[in-house]
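Written out below as structure tokens is the structure these notes cover.
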């Protein structure tokens, strides 16, 4: 007796939940991912700013599946699918057969055609992005230490494009890193190090209540983040950015946190696509007209009952994963549910730095400051996979908080150190749609 | 009033001790290193086998110098020196002037002209070596999981060349990693994973007493390490190694732990060189005929009172660093000591794995088994720099010991995953002298 095979593309928040949701179903689950680890993306910016180590926020997929006896993993990059033959194809040239397919391949940075952004800005979506950014930032300080004239060329300046949670958290963390680097580089005018946050809207943290947004702005300003609200980036150059009002910010580091688009795979699968290149799904999260292909998380253009696109955040992916697991299990059992996916918003949070965060829960509860920060810390600790990772993150956070230090100030990315063009520009982003 | 400037090339065990030894002397110390971190090399093999994270064993040089107010750091690769003008030159094209120069640039892997070793074997001297090896090992398992035929081609086999402490510790750690991977890869015959240790001498761990060597051999064999004692490697191929008796070991991973030579800089400085390319020094550790150029650690051909070359181990470098600091301080004070360097052997240790280590102290004290292992753990914890690193290593060791797991099983080296030739060969070693 062969059991139906569920192939899940992507071992992120959504993909892992599909495997967990099917752990007692009479199916075999195979997760495919181009990385052999699940990445806890919400803390990626702390790796980039030397506060956490890669092993703190990455967990081997095979380890996460240990106790799910009907789930396996294969390392590989899926490049397409043949839906008639029911196989997916990989970049390695192999075919993987499926009875049910769940597409959970996530999102990547989108630069919306802004001139120079693909070439000179850097994204923050992968562990490599974070390690490259960390090495890049530290190298700029080392170069300026050897040649102080580089300070005037923006060696110590970072422009963060985008005032959503990622941009705000990164900007706050960069200012805390500057405090540490001021001790590392006593001969450098680190007080001239700048973080400039550019946001098109007149406020930061769009999903939050106005009082929390104002709190975030005050906290960012208190930490020395320069806000350019209501401004957009007209152009990114090797030496900085030009804003829509013609003003220029000289900076050797530009991080693009202003938008995401569906992973490349969305275009390769041949399904209808919606905003941001996301795959259109029906209310069950299935590809319209099919009962065997499902799409969850950042790569899905799922909508709520009012027809609004669901946000590209971890809880949507996780709930979507469990929903799809239940749908597939019901089909395998011969009693299809065909239930619509109902996303339950359990609230949202963002941190600006030490004892500063904003959190809002659906019934209108709002938290900020130290209490919000403690909630943020606790939630993220609980969401990490594995006791070792949790203990290690807790250790590093305690160290960071008590000593005002950052343990990860290592220039380790050989490619960054040796192969990067001397103009300090980024490694290039994938082309925008 | 300008103070004499002491330039130290290398921020390893020796270089850091020079800075510490001169912290109260009326000099300015400048450390130069191609990496921005001090690397605790004795635990490098644990990063390669996923037991520790890079941030556990690497410490930012600038952090290590925080409290030494007369010492600074510059990132750079020294490529030569002009002794008449008293400057060193860097790969970045800058010149750094010195009044005193301390060469502490360490050692690199030596393959002694064995055919194929430079191309197909990999060293284990840098953090990149360790991360590459980790990714390489894990990738071979992933590939074999997708194509079990690769097991017969040595995908799960590692040959460790060299039965000194590095080779023995690596071989033991690899076998412990195999136990973890057996749980990760339930579909793979991980019981066919092999570690073959090749050693020219009829025993392992040459510097140790015969009873400890025998203990190490028993422990290695109990852990399933296959010993090829009294054998040398005649040739390394893309598919394995050929031994001097004509026998072949099919293996997709070959680690060269059979020898070191002086860092490349030794040849670039133009001084007389001795065995292994090491710079000849007088009994004070100065370059013969000079009072301003000193050489310490692995790159120095220092000798004891009997004319025997001192071993290339951390304690020699550390004691040499303090000795040279005292010599320079005495010269600056106008009362040159001109004292000979006397290395005090405080003992030596090596671990084979869980509750198995050997340790011998000079008065003839010998320890092994659990007691030796606890001594090994304690000593290495104490020698690490920084409380955060110590706490993190202790956390990881406790986790590894209690759970029989390894938290660092991440394939993170992009270059390894994407650029490596499909024959599984190594990244190439520097040419042998």
### Message
Give me the residue from segment A:66-83 that is farther than 18 Å from residue A:266 by Cα and more than 9 Å from chain B (Cβ to nearest Cβ) and, out of that set, surrounded by the most Cβ atoms within 10 Å (Cβ to Cβ).
### Response
A:71
### Query
Just checking, which of A:267, A:301, A:333 is more than 17 Å from the chain's Cα centre (by Cα) and closer than 30 Å to residue A:237 by Cβ?
A:267
### Query
Can you find a residue in segment B:157-166 that is free of Cβ contacts under 8 Å to residues at least 40 places away in the same chain, under 13 Å from residue B:226 (Cα atoms), in a strand (DSSP E or B) and touching a strand residue (DSSP E or B) at 6+ places or on another chain (Cβ under 7 Å)?
no
### Residue in segment B:178-193 that is closer than 20 Å to residue B:125 by Cα, part of a helix (DSSP H, G or I) and without any contact (Cβ under 8 Å) to a residue 40 or more places away in the chain present
no
#### Entry: Count of residues meeting criterion [outside any helix (DSSP H, G or I) and more than 30 Å from residue B:331 (Cβ to Cβ)] in segment B:97-130
15
### Residue check for residue B:21: touching a strand residue (DSSP E or B) at 6+ places or on another chain (Cβ under 8 Å) and either at pLDDT below 95 or farther than 30 Å from residue A:60 by Cβ (or both)
no
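A quick yes/no check of all residues on (1) at pLDDT 95 or above; (2) within 14 Å of another protein chain (Cβ to nearest Cβ):
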residue: A:369; (1), (2): no, no
residue: A:373; (1), (2): yes, no
residue: A:389; (1), (2): yes, yes
residue: A:393; (1), (2): yes, yes
### Query
Can you name the condition, by its number, that residue B:33 falls short on among (1) more than 13 Å from chain A (Cβ to nearest Cβ); (2) touching a strand residue (DSSP E or B) at 6+ places or on another chain (Cβ under 8 Å)?
(1)
### Task
Look through segment A:395-430, keep the residues that are at pLDDT below 50 and within 23 Å of the chain's Cα centre (by Cα), and return whichever of them is nearest to the other protein chains (Cβ to nearest Cβ).
A:415
### Task
Using the structure shown, decide if residue B:141 is modelled with pLDDT of 95 or more, within 11 Å of chain A (Cβ to nearest Cβ), touching a helix residue (DSSP H, G or I) at 6+ places or on another chain (Cβ under 8 Å) and part of a strand (DSSP E or B).
no
#### Entry: Elements of type strands (runs of 3 or more DSSP E) in segment B:195-309, at least 1 residues being touching a helix residue (DSSP H, G or I) at 6+ places or on another chain (Cβ under 8 Å) and touching a residue at least 24 places away in the same chain (Cβ under 8 Å)
B:225-229, B:233-237, B:248-250, B:253-256, B:260-262, B:293-295
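The values are calculated or read from the model by the stated rules, or taken from the named source; none is laboratory data. The structure presented is a predicted model; accordingly, all values stated were derived computationally and were not measured. Neighbour counts run over all protein chains shown; Cβ positions are idealised from the backbone, glycine included.
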